[in-house]
Structures are given as structure tokens and as C-alpha cells.
Amino acid sequence: MSLILFSHSNEKHLSDWECDEKLLITSPPSIELLNYPKTDQQVVAIGGGSVIDSAKIISKRMVIAVPTTYSGASRTSHAVLWDHKNHRKVDVETVKPETLIVKEYFEKCDTRILQDSYCDCQAHLIESAISKKANAQSVAIVNQAQKLGHNGTLTGLINMSLLAGDAIEITGTNILHSLSYPLTLEY
């Protein structure tokens, strides 16, 4: 049995997959998602950070993340939940998903979404580079990611985003993301 999580913009890809159950994700994961029953099913997440984080939260098993943006969520072992009632974000430790790249999904993604996720990817790289937790490995990952991103090819940008996820897995986020949280909660 399998469960597929997806966003509206990725509904077009569902015919590529066999599943027993589908779950549409319409917003970033909120604290209420902790009440969703954990599943033993194989979970496939097709989408960006919100979809992938939601899958990581509800799965008892490994998640197969099929990213469609440059968020890097497919390479981290944590997820962010939003507690709108108490105006805060909650970090949740999860299992790091397996990542499956389907290049055509990026090609079919809305340009604006890719541009926004590119900014998130760059924030991850900058935060990793300036982090107090930066080490030789994270610095090497950031440098490699920036080289790939500068070549401007889709493959380079996808690999840049995966490496940004790897870097932020080592260092965590810091001031750039902290500044965005109040805006995210409000808007």
C-alpha cells in the first residue's frame, strides 16, 4: 500500500504513480498535522518543502521525496510545523527521506515557484556558509553547490538545491530563516 502527498500544482503528475491513497497538501504544515494518524504505508511526496515536510511528519517509515522545487527539503531529517494559534514555528525531527529526481517535474513547474524556491535555496547556502556550526564538509558542499548553480542548467540548479539541503542538514538554519518566520506566520 502507498500514500502519495501532492500539491495542486503537482496533481498533473499523479498519473505517473500507482497508489492506494492520495492526500492533497494545500498549505505549509501546521501543528494540527501532529494529530493526523501516522501511517505505515509507503509515503511518496511529490512537491516542494510543504509537501515533503508533511510526508516526513506523518510517515512511520521511509519517505520517497520527489522534489519539484529547489527547497532542499528532500535532503533533511527535520520538518517545520506552524503553530498559528501561538504565533510560532515548531521544528520536528524526522527521518531523512530518499530522494528521487524526475527532471520533467521541474520543467513543468511554474517559473515563479521555482524562482521563490531558488531564493530559499540560496538562503540555505548563505546560512550554512556563515553558520557557527560550519565545518570543512559544509563549506565544501556550499562551494560545490554554488558552482553548480552558476552554470545555469536545470541539472545544475537541481543538484545545487540538493546540496543546499545537505549543507543545512549539517549546520541548521539561522538568522535569515528566523527573520522570515514572523512574515510566514502572518502572511
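The values are calculated or read from the model by the stated rules, or taken from the named source; none is laboratory data. This is a predicted model, so every value here is computed, not measured. Because the Cβ atoms are built from the backbone with ideal geometry, glycine has one as well, and the counts that use them run over all protein chains shown. Only protein heavy atoms, including side chains, enter the accessible area calculation; ligands, DNA and RNA are left aside. Shrake-Rupley method; radii C 1.70, N 1.55, O 1.52, S 1.80 Å.
Restricting to the stretch 97-110, what's the tally of residues that are under 21 Å from Gln122 (Cα atoms) and surrounded by 12 or more Cβ atoms within 10 Å (Cβ to Cβ)?
5
Do we find that Val92 is crowded, with 20+ Cβ neighbours inside 10 Å, on the phi < 0 side of the Ramachandran plot and under 18 Å from the mean Cα position of the chain (by Cα) in this structure?
No.
Please identify the pairs in which a residue from the stretch 9-32 that is farther than 21 Å from Cys109 by Cα and part of a helix (DSSP H, G or I) has its Cβ atom under 8 Å from the Cβ atom of a residue that is open to solvent by less than 50 Å² (accessible area, probe 1.4 Å) and not aromatic (Phe, Trp, Tyr), counting only partners at least 6 apart or on another chain.
So the pair list comes out as Ile31/Leu81; Ile31/Asp83; Ile31/Val90.
If you take the residues of the stretch 62-78 that are among the hydrophobic types (A, V, I, L, M, F, W, C) and surrounded by fewer than 24 Cβ atoms within 10 Å (Cβ to Cβ), which of them is farthest from Lys12 (Cα to Cα)?
Met62
What's the total number of residues in the stretch 149-167 that are modelled with pLDDT under 95 and crowded, with 20+ Cβ neighbours inside 10 Å?
Result for the stretch 149-167: 1.
Report yes if Lys103 is modelled with pLDDT of 95 or more, of a type in the set (Lys, Arg) and over 17 Å from Pro29 (Cβ atoms), otherwise no.
Working: modelled with pLDDT of 95 or more: yes; of a type in the set (Lys, Arg): yes; over 17 Å from Pro29 (Cβ atoms): yes.
Judged against the criteria, Lys103 is a match.
Assuming Ile113 fulfils every condition listed in (1) β-branched (Val, Ile, Thr); (2) open to solvent by less than 40 Å² (accessible area, probe 1.4 Å); (3) touching a residue at least 40 places away in the same chain (Cβ under 8 Å) apart from one, which condition is it?
Evaluating Ile113 over (1) β-branched (Val, Ile, Thr); (2) open to solvent by less than 40 Å² (accessible area, probe 1.4 Å); (3) touching a residue at least 40 places away in the same chain (Cβ under 8 Å) leaves (2) as the failure.
Are any residues in the stretch 27-49 open to solvent by 40 Å² or more (accessible area, probe 1.4 Å) and under 19 Å from Asp120 (Cβ atoms), and if so, which ones?
If the condition is that a residue be open to solvent by 40 Å² or more (accessible area, probe 1.4 Å) and under 19 Å from Asp120 (Cβ atoms), then Ser27, Pro28 are the ones that fit.
Are there any pairs, at least 6 apart or on different chains, whose C-beta atoms fall under 9 Å, with the first in the stretch 83-98 and in contact (Cβ under 8 Å) with a residue 60 or more places away in the chain and the second open to solvent by less than 90 Å² (accessible area, probe 1.4 Å) and in a loop (DSSP other than H, G, I, E, B), and if so, which?
Lys96/Met62; Lys96/Thr76; Lys96/Ser77
Considering only the stretch 63-72, I want to know if a residue exists there that is assigned to a helix (DSSP H, G or I), closer than 28 Å to His150 by Cβ and β-branched (Val, Ile, Thr).
no
Considering every residue within the stretch 50-60, establish whether at least one is over 21 Å from Ser161 (Cα atoms), assigned to a loop (DSSP other than H, G, I, E, B) and in contact with an Asp or Glu (Cβ under 7 Å, 6 or more places away or on another chain).
yes
From the list Ser27, Ser9, Ser15, exactly one residue is within 24 Å of Asn159 (Cβ to Cβ) and out of contact with any Pro (no Cβ under 8 Å at 6 or more places or on another chain). Which is it? Quick ask: steps written out before the conclusion?
On the way: Ser27 fails: within 24 Å of Asn159 (Cβ to Cβ); Ser15 fails: within 24 Å of Asn159 (Cβ to Cβ).
Answer to the check: Ser9.
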